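Asks: Take a look at the following structure, please.
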Amino acid sequence: MPDGRDPVPSSPTENANSGRSETALSGPTEKCGVVGVSLTERDAARPLYYSLYALQHRGQESAGIVTHDGFQQHDHVEMGLVGDAFTEDDIESLRGSAGIGHVRYPTAGSVDKSCAQPFTVSFRSGALGLSHNGNLVNADEVRDELAAEGHAFTSDGDTEVIAHDLARNLLEEDLVRAVKRTMGRIHGSYSLTIMQDDTVLGVRDPEGNRPLCIGELDDGYVVASESAAIDTLDGELVRDVRPGELVVLQPDGEGFDSYQLFEREHTAHCFFEHVYFARPDSVIDGKLVYEVRRDLGRELWAESGIDTDVVMPVPDSGRAFASGYADAAQDDGASVEFAEGLMKNRYVGRTFIMPTQDERERAVRLKLNPIKSTVEGKTVTLVDDSIVRGTTSTQLVQLLKDCGAAEVHMRIGAPPIAAPCYMGINMATREELIAADRSTEEIRDEIEADSLGYLSPDAVAAALGEDRDDLCMGCVTGEYPYDIDGEEMDPAHADNPRPEL
Ligand code: SF4
């Protein structure tokens, strides 16, 4: 292979989506989780493996680790869940105290091993490994330019574009300048862990769209998408990687060097990380996700609370929201009782085979079952984090009414999702989004709830403790912090122009 990458199988590993239909309960999916580890006294593979387990919720299609032992790279990248992708022998074979890892759910590029990560490139000055969470919006332009210079690509993913650009720059510049030059050419959302030979780096895009944080271990440092990965290693969260910052983990384990390569007036943190994607036990941009979700629930009560007999979450996604909502209601003297009225079957996977629409609609009964004594004859507030297509909400309202609920009121801990995401979240197309062309009242009518309340963008910003202009809410407003073909740009991010190549 011209760039040293593992040969791509001529018959790709089974397309993870083939033969499967999304259930009515499948929601938006995160693209990826990334991690990088630099240690002094042991191999990095096992801590990386544990970290990938902690980040499994961010991607289930492929998992990979690349390490470096000071002389050469070792890699193992496989389709499937972390637990299935590695054997004990695989972990043992990944020698070296520095490494990076990746779990992937694809939104850009193919669903096969050619796009699985970490991506590796061998070039004249050494070996490069790269793990990416996010999505570039100018990947095609950069790829075309690199291809014109003779770079051969083995995948249609944007991560390979970053890897080739960086490898090219490293032939002419030192590490920090090379990273800066690449960051100046790519446009979009990216949190990266990179390994140049045995040096591990973490990079967050200048708007800080996707999370990335630094942790300290007894014998080294780690950069990871979420702090839950650091907890898994018994490490201490040091801080978030700042938007536009490059951190270089020192190979002697003594610390890390920081380079603030780009600064913007506003960040564009993805609000949906806090609402939906991130683990509740992670701390992102200084806030514990669980507490943010409870605060979103409290804001929801303040904006559209209704005093019903019971308030119940859609498990598991609505639980923290519903608990905050019920607490705020009780603080206000409402008689509403918090109750778990829907029980989840934990053994039904994220997706499973449901060939017909009729059978797909039964998916909700396979996955969630109401507790009749909690619901029958009661007025119910059902709390969830978001409504995307509306199918699940419709089915849940029907389920509770079939079970004897007197009224079902839906409360949602986010604003209406009305536009697609181009930054690495597999949301839905505009046509599929129930809020794309409907008012709240029209949606209430469609899902047949007795009332429906969403949270306002300002309340989301308040719960996150952020300035509204420092959040990406492109999927709510249709205005994005990046220059995306055919879409409006959020005026607050006018200082984030698309690079001219
Ligand atoms: S468009 Fe929505 S999901 Fe995508 S990055 Fe922005 S806030 Fe997150």
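Asks: Anything in region 447-488 that is under 18 Å from T381 (Cα atoms) and assigned to a helix (DSSP H, G or I)? List them, or say none.
Replies: Passing the criteria: only I447.
Asks: So, in region 165-197, of the ones that are over 19 Å from G134 (Cβ atoms) and surrounded by 22 or more Cβ atoms within 10 Å (Cβ to Cβ), which residue ends up nearest to the chain's Cα centre (by Cα)?
Replies: Q196
Asks: A further question follows. Got a number for residues in region 278-304 being buried (at least 23 other Cβ atoms within 10 Å of the Cβ) and of a type in the set (G, A, S)?
Replies: Number satisfying all stated conditions: 3.
Asks: Kindly evaluate R444 against the criterion of being basic (K, R), at pLDDT 95 or above, part of a loop (DSSP other than H, G, I, E, B) and on the phi < 0 side of the Ramachandran plot.
Replies: no
Asks: Does any residue in region 131-142 that is in the same structural domain as I65 (by TED's automatic domain parsing) come within less than 8 Å, Cβ to Cβ, of a residue that is among the hydroxyl-bearing types (S, T, Y) and at pLDDT below 95 six or more places away or on a different chain, and which pairs are these?
Replies: Final answer for the pair search is S131/T159; H132/T159; N135/T107; N135/Y422; V137/Y422.
Asks: Kindly establish whether R298 is more than 16 Å from the ligand (Cβ to nearest atom) and either over 17 Å from the mean Cα position of the chain (by Cα) or without any contact (Cβ under 8 Å) to a residue 12 or more places away in the chain (or both).
Replies: yes
Asks: I need the full set of residues from region 453-501 which are in contact with a Pro (Cβ under 8 Å, 6 or more places away or on another chain) and farther than 26 Å from K287 by Cα, in order please.
Replies: D483, M489
Asks: Somewhere in region 437-445, is a residue within 14 Å of the ligand (Cβ to nearest atom), open to solvent by 10 Å² or more (accessible area, probe 1.4 Å) and without any contact (Cβ under 8 Å) to a residue 24 or more places away in the chain?
Replies: Within region 437-445 (the criterion being within 14 Å of the ligand (Cβ to nearest atom), open to solvent by 10 Å² or more (accessible area, probe 1.4 Å) and without any contact (Cβ under 8 Å) to a residue 24 or more places away in the chain), the answer is no, since none of the residues qualifies.
The rows are residues; the columns are (1) in contact with a helix residue (DSSP H, G or I) (Cβ under 8 Å, 6 or more places away or on another chain); (2) within 18 Å of I306 (Cβ to Cβ).
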{"residue": "R411", "(1), (2)": "yes, yes"}
{"residue": "A419", "(1), (2)": "yes, no"}
{"residue": "R430", "(1), (2)": "no, no"}
{"residue": "A435", "(1), (2)": "yes, no"}
{"residue": "R444", "(1), (2)": "no, yes"}
{"residue": "D458", "(1), (2)": "yes, no"}
{"residue": "E479", "(1), (2)": "yes, no"}
{"residue": "D490", "(1), (2)": "yes, no"}
{"residue": "P497", "(1), (2)": "no, no"}
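Asks: Then there is this: Scan region 79-98 for residues that are touching a residue at least 60 places away in the same chain (Cβ under 8 Å) and over 20 Å from the mean Cα position of the chain (by Cα) and report the count.
Replies: Final tally of qualifying residues: 3.
Asks: Quick check: is even one residue across region 415-436 part of a loop (DSSP other than H, G, I, E, B), away from the ligand (no atom under 13 Å from the Cβ) and open to solvent by 10 Å² or more (accessible area, probe 1.4 Å)?
Replies: Looking for residues that are part of a loop (DSSP other than H, G, I, E, B), away from the ligand (no atom under 13 Å from the Cβ) and open to solvent by 10 Å² or more (accessible area, probe 1.4 Å), one finds at least one in region 415-436, hence yes.
Asks: Right, something else. Is it true that V311 is in a strand (DSSP E or B) and at pLDDT 95 or above?
Replies: For V311, the condition - in a strand (DSSP E or B) and at pLDDT 95 or above - is met.
So that you can scan it fast, the table gives a plain yes or no per residue for (1) part of a helix (DSSP H, G or I); (2) open to solvent by less than 30 Å² (accessible area, probe 1.4 Å); (3) within 16 Å of the ligand (Cβ to nearest atom); (4) in the same structural domain as V292 (by TED's automatic domain parsing):
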| site | (1), (2), (3), (4) |
| --- | --- |
| G377 | no, no, no, yes |
| L382 | no, yes, no, yes |
| V388 | no, yes, yes, yes |
| T394 | yes, no, no, yes |
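Asks: Restricting to region 108-164, and then to whatever is part of a helix (DSSP H, G or I) and among the small types (G, A, S), can you tell me which residue is surrounded by the most Cβ atoms within 10 Å (Cβ to Cβ)?
Replies: A163
Table: residues versus (1) over 28 Å from V283 (Cα atoms); (2) at pLDDT 95 or above; (3) away from the ligand (no atom under 16 Å from the Cβ).
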position	(1), (2), (3)
V8	yes, no, yes
G19	yes, no, yes
D43	no, yes, yes
A63	no, yes, yes
T87	yes, yes, yes
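Asks: Any residue in region 470-482 that is more than 13 Å from the ligand (Cβ to nearest atom) and either surrounded by fewer than 19 Cβ atoms within 10 Å (Cβ to Cβ) or under 30 Å from R294 (Cα atoms) (or both)?
Replies: No, the conditions are met nowhere in region 470-482.
The values are calculated or read from the model by the stated rules, or taken from the named source; none is laboratory data. These numbers come from a predicted model, not from an experiment. Please note: Cβ atoms are built from the backbone with ideal geometry, for glycine as well, and neighbour counts cover all protein chains shown. Remember, those area values only see protein heavy atoms, side chains included, never the ligands or the DNA or RNA. Shrake-Rupley method; radii C 1.70, N 1.55, O 1.52, S 1.80 Å.
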